[in-house]
Amino acid sequence: MASLAFHAPETIDQAVALLAANPAARPLSGGTDLIVQMRSGRIAPAAVVDLKRIAALTGTRRHGLGFAIGAATPCTALKRDRALAAAWPGVVEAANLIGSVQVRNRATMAGNLCNASPAADSVPALIAAGATCLIAGPQGEREVPVEAIPLAPGRTSLAPGEFVVEIRLPPRGQGGDAYLRSIPRTEMDIAVVGAGANLVLDGEGTCTAARIAVGAVAPTAILVPEAGAALVGTRLDEPALAAMAEAVRAACRPIDDKRGTAEYRTAMAEVLARRVVAIARQRAGENA
């Protein structure tokens, strides 16, 4: 720790240059994972590049008809954007399940994503929403789906020198989203299973688009296309819900650990998927 270099650039270009110049450097957006891992000795970066002084990476804004969330924006700040919270309540709720209030005052969704934990709370909600990431790096900028970022526990698809600039949410049509998790305690715990849903309904209640994502049941949070497809063209009746739940079950590849068995995780994934679809359906009706 004594030889650790600390940088606080004020522009995206400066941050890219610092990270590209030192492959052992790590970006810091909130630091609630990075600092803990450094203190435990799990990682030992040669330098930390603090992104919080870059104005473009802080705050929420409109992006076309959708929204953009700066990579250094604390989770608690999302609730203050009333338009964002009304359009994507599931995303905002998921971000505000991370840790404690004190943690969420620092933690960011970009950091939660790039920590690449299979149990990250905000990631299934973002995947269900169809969110994308704007990434900056030595080769310029690129935009990729959120689900393309985590590759395995603790490992992402970001190349050396790259970091997330912002998370982008699409326009909200006649639909609704939701996120739920199962944890042993009432709060401040890691998801044993998480599930997110995003639905679009027409004026008669028929589902015209659906995305279902689950977390903590595979090496990364995953989109389950078959689950969404099972709902499209239906009025979300029991046969459609049963087919959706079966698709979720088939996609699960969980492990046994001290927090839950593979069998329990698979069963709960089905239960939570049904529950988030019900909540998203209700919200879609309210937005019609």
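The values are calculated or read from the model by the stated rules, or taken from the named source; none is laboratory data. Bear in mind the structure is a predicted one, so any value in this text is a computation, not a measurement. Here the Cβ positions follow ideal geometry from the backbone for every residue, glycine too, while neighbour counts run over all protein chains shown. Accessible surface areas use protein heavy atoms only, side chains included; no ligands, DNA or RNA. Shrake-Rupley method; radii C 1.70, N 1.55, O 1.52, S 1.80 Å.
Can you find, among Met268, Gln37, Ala251, the residue sitting farthest towards the positive end of the charge dipole of the chain, where Lys and Arg contribute +1 and Asp and Glu -1 at Cβ?
Checking the options against the dipole of the chain, the answer is Gln37.
In percent, how large is the relative contact order of the chain, given Cα pairs closer than 8 Å and 6 or more residues apart? Before the final figure, lay out each step's value.
Numbers: 697 pairs, mean separation 46.9, N = 288.
About 16 percent, as a whole number.
What does the charge dipole of the chain about its Cα centre add up to, to the nearest 20 debye, if the Cβ of each Lys and Arg holds +1 and the Cβ of each Asp and Glu holds -1? Present the calculation step by step, with values, prior to reporting the outcome.
Working: 29 positive and 26 negative charges, 129 e Å.
The dipole magnitude comes to about 620 debye.
Against the globular-protein guess of 2.2 N^0.38 Å, express the Cα radius of gyration of region 126-165 as a ratio, rounded to two decimals.
Working: Rg = 10.2 Å, N = 40, 2.2 N^0.38 = 8.9 Å.
Compared with the compact-globule rule of thumb, region 126-165 sits at 1.14.
Can you find, among Pro160, Ala107, Ile135, the residue sitting farthest towards the positive end of the charge dipole of region 58-169, where Lys and Arg contribute +1 and Asp and Glu -1 at Cβ?
Ala107
Heavy-atom accessible area per residue, region 57-140, 1.4 Å probe: how many Å²? Numbers along the way, then the final one.
Values: 2850 Å² over 84 residues.
Roughly 34 Å² per residue, with all protein chains present.
Could you give the spread of the C-alpha atoms of region 219-284 along their three principal axes, from largest to smallest, in whole angstroms?
Computed over the Cα atoms, the extents are 39, 20, 20 Å.
Of Gly90, Pro118, Pro74, which is farthest along the charge dipole of region 74-122 in the positive direction, counting Lys and Arg as +1 and Asp and Glu as -1 at C-beta?
Farthest towards the positive pole: Pro74.
What FRET efficiency do you get for Lys258 and Ala21 if R0 is 51 Å and r is their Cβ-Cβ distance, rounded to the nearest 0.05? Numbers along the way, then the final one.
Numbers: r = 41 Å, r/R0 = 0.81.
My answer for the efficiency is 0.80.
Out of (i) 69, 48, 36; (ii) 64, 48, 32; (iii) 60, 44, 33, which label holds the value of Cα extents along the principal axes in Å that was computed here?
So the calculated entry is the one marked (iii).
Quick one: length gained pulling Asp202 to Val232 fully straight, 0.36 nm per residue minus the C-alpha distance? Don't jump to the answer; show the numbers that get you there.
Values: separation 30, 0.36 × 30 = 10.80 nm, distance 1.09 nm.
Roughly 9.7 nm would be gained on extension.
Count the DSSP beta bridges whose two residues both fall in the chain, then state the antiparallel fraction as a percent rounded to the nearest 5. Mind dumping the intermediate values first?
Details: 41 of 48 bridges.
Within the chain, antiparallel bridges account for around 85 percent of the total.
Taking every Cα atom in region 156-288, find the radius of gyration and the maximum pairwise distance Dmax, and write them in Å.
In order Rg, Dmax, the Cα atoms of region 156-288 give 15.8, 49 Å.
What's the center-to-center distance, using Cα atoms, between region 44-100 and region 260-277 in Å?
28 Å
What's the Cα-based Rg to Rh of region 1-86, Rh via Kirkwood? Let's see the in-between values first.
Numbers: Rg = 15.0 Å, Rh = 14.2 Å.
Reported Rg/Rh (Cα atoms, Kirkwood Rh): 1.05.
Over the chain, what percent of the accessible surface lies on carbon and sulfur atoms, probe 1.4 Å? Walk me through the numbers before you get to the answer.
Values: 6980 of 12820 Å².
Roughly 54 percent, rounded to a whole number.
Quick check: pseudo-label points 7 Å beyond the Cα along Cα→Cβ at Arg142 and Ser100, how many nm apart are they?
Between Arg142 and Ser100, the label points sit 4.0 nm apart.
Just to confirm a number: summing +1 for Lys and Arg and -1 for Asp and Glu over residues other than Ile135 whose beta-carbon lies under 9 angstrom from that of Ile135, what do you get? Show your work: numbers first, answer last.
Values: positive: Arg142; negative: Glu141, Glu143, Glu162.
Residues close to Ile135 contribute a combined charge of -2.
Over region 175-287, give the accessible area per residue in Å² for a 1.4 Å probe, as an integer.
Values: 5110 Å² over 113 residues.
About 45 Å² of surface per residue is accessible.
For helix 262-287, what angle does its Cα long axis make with the longest principal axis of the chain, in degrees from 0 to 90 and rounded to 10?
Helix 262-287 sits roughly 80 degrees off the main axis of the chain.
Angle, helix 12-21 long axis vs. longest principal axis of the chain, Cα atoms, 0 to 90°, nearest 10?
It is inclined by approximately 70 degrees.
Counting only the heavy atoms of the protein chains, how much of Arg155 is accessible to a 1.4 Å probe, in Å² to the nearest 10?
Around 130 Å² of this residue is reachable by solvent.
Based on the Cα atoms of region 58-169, what semi-axes does the equivalent ellipsoid have, where each is the square root of 5 times one gyration tensor eigenvalue, given in whole Å with the largest first?
Ellipsoid semi-axes (Å, largest first): 20, 16, 13.
In vacuo Debye scattering of region 155-217, one point per C-alpha: log10 I(q)/I(0) at q = 0.13, 0.16, 0.21, 0.26 Å⁻¹?
Those come out to -0.60, -0.81, -0.97, -1.04, one per q.
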